[in-house]
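Structure first, then comments.
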Amino acid sequence: MADTVTVEDLEFDRQHIWHPYTSITNCYEMYPVTGAEGVRLTLADGRQLIDGMASWWSAIHGYNHPELNEALQRQLGKMAHVMFGGITHPPAIRLARQLLDVTPALLQQVFFADSGSVSVEVAIKMAIQYWVATGKPAKKRLLTVKKGYHGDTFAPMSVCDPEGMHEVFSGMLLDNVFVEAPQCGFHDDWQEEHIAEFKVALDKHHQAIAAVILEPIVQNAGGMRFYSPAYLKRVRELCDDYQVLLILDEIATGFGRTGKLFACEYADISPDIMCVGKALTGGYMTLAATLCTQQVAHTISNQGVLMHGPTFMANPLACSVASASLELLQAGHWKAQVEQLSITMEACLAPCRELANVADVRVLGAIGVVELKQPVDMKTIQPLFVNEGVWVRPFGKLIYIMPPYVMEQEDCQLLCKAIYQVITKIKN
Ligand SMILES: *Cc1c(COP(=O)(O)O)cnc(C)c1O
């Protein structure tokens, strides 16, 4: 089987295949990738790119990892898939045990979902069903903050930043309550004033609110903002005061990315419901999970059933590779690797602060962000990165990287230097 990509192939792709957030008729160049090894992607023409994106937060151990490959191959020899209704299997049981081991102790039940967005759908259903089962069916809305991102299906879209998806689908989305994004930065001193608007909203709407949903500490695709653990701590307290559940979406932050295994550990709190995805399988396959407390699970279950069940729920291949990925994490040096990446990015992205078109540079864990003053033009900036030998995919004003944890210091330095070079070349 040839792994070459012809001009005709690319033309076919352009005309017939949707890529994420693209137009078929006004689409820019696609880069054909034919292999990936460690932290490098190989293009069809043989060029290699240092990958700054870890395939959207997920490939934390790097590509073509022998142990992850082996886990998949081993499971493939037994069974690729079997339905999960009325049937269970060792890969799911094993993975659930591991997940309960590493997540906050109060989380005791696992629902396997097929993507991050679906795990958020399930979290929202859990919250609504919980209050129905408690005799408070009026509690159906969600309270969240602006600049958030929770996925692309309808319920998650209805808690994404209102300036993102909401316009196109206005009138079709759930009617949720939004307050300003947290204004207290990760390192800022806490003032009670920072939670005032959130508290007012809870006070006003709590009888109609099932849950607060937040990305803990790092708001990802909605703005790449880092906020104070004190904010999250206060949110937990207020949720308890007002009898509202707390859903934490750890899909991007989970499995070490922020410097803690889960970002909620910064605030030393536990949610009632938690979503994980992205890095769960080490970037190999799509799999996510919604975890909840016994209180939530038993309350729903005493009244009936949780109304969800995807066809490919708990796919054995995905569960096996996720298990192997968690084992690698636990046996490995993720914490030291993330700390080293953090130090390297701090040092090597710092010169960007001096550039006229840069508004801010910030780093937390293995996440590096350069915020520009003007949105980038994707058509011109993407080839500039490729020419520098790196894969970085900005959005809006944000050039950001979240490398595989296994990236060597020199590669991380090259990556940061490439960002600096590219910013000096774009005119804003
Ligand atoms: C990526 C992401 C999702 C959606 O996950 P998909 O697997 O793309 O559906 C939800 N929440 C957060 C915080 C994410 O980063």
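The values are calculated or read from the model by the stated rules, or taken from the named source; none is laboratory data. Note that the structure is predicted; figures quoted are calculated from it, not measured. Cβ sites come from the backbone with ideal geometry, for glycine too, and all protein chains shown count toward neighbours. The area values use the complete protein model at the heavy-atom level, side chains included, leaving out ligands, DNA and RNA. Shrake-Rupley method; radii C 1.70, N 1.55, O 1.52, S 1.80 Å.
The table for this structure:
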item	result
For the range 59-152: relative contact order, % (alpha-carbon pairs under 8 angstrom, 6 or more apart)	17 percent
Approximate spin-label separation residue 410-residue 82, in nm, with each point projected 7 Å along Cα-to-Cβ	4.8 nm
Distance between modelled label sites at residue 347 and residue 12, nm, 7 Å Cα→Cβ extension	4.8 nm
Note, ³J(HN,Hα) from phi for the range 123-130, Karplus 6.51, -1.76, 1.60, rounded to Hz, x at Gly and Pro	4, 5, 4, 4, 4, 5, 5, 4
Amide H within-cut-off set for residue 360, under 5 Å, with H built and near neighbours excluded	371
Theoretical ellipticity at 222 nm over the chain - DSSP helices of four or more residues, -39500 (n - 2.57) apiece, nearest 500	-11000 deg cm²/dmol
For the range 307-312, 3J(HN,Hα) per residue [Karplus equation, 6.51 cos²θ - 1.76 cosθ + 1.60, θ = phi - 60°, Hz, x = Gly/Pro]	7, 7, x, x, 4, 9
Solvent-accessible area per residue, Å², over the range 66-331 with all protein chains present [probe radius 1.4 Å]	41 Å²
Charge dipole (debye, nearest 20) of the range 377-428; +1 at Cβ of Lys and Arg, -1 at Cβ of Asp and Glu	360 debye
Residue list for the range 62-85, given a label point 7 angstrom along the Cα-to-Cβ vector of residue 153 and an amide N cut-off under 17 Å	84-85
21 Å Cα-Cα threshold exceeded, pairs from 260/373; 147/427; 278/397; 140/199; 125/199; 146/379	260/373; 147/427; 278/397; 125/199; 146/379
Length-normalised contact order of the chain in % [C-alpha pairs under 8 Å, at least 6 apart]	22 percent
The range 66-331: antiparallel DSSP beta bridges as a percent of all, rounded to 5	50 percent
Hull volume in cubic angstrom per residue (convex hull over the Cα atoms of the range 66-331)	125 Å³
Volume per residue of the C-alpha convex hull in the range 180-236, rounded to whole Å³	81 Å³
Furthest towards positive pole of dipole, 386, 48, 374, structure part the chain, Cβ charges	374
Counted charge near residue 107, where neighbours are those whose Cβ lies closer than 11 Å (Asp, Glu -1; Lys, Arg +1)	-3
Cα centre as origin, Lys/Arg/Asp/Glu Cβ charges: the chain dipole, Debye	620 debye
Accessible-area ranking of 410, 237, largest first, probe 1.4 Å	410, 237
Inter-centroid distance (Cα atoms) of the range 172-250 relative to the range 362-428, Å	29 Å
Simple Cβ-charge dipole of the range 35-158, Lys/Arg +1 and Asp/Glu -1, about Cα centre, in debye nearest 20	720 debye
Modelled FRET efficiency - R0 56 Å, residue 45 with residue 134, Cβ distances, 0.05 increments	0.40
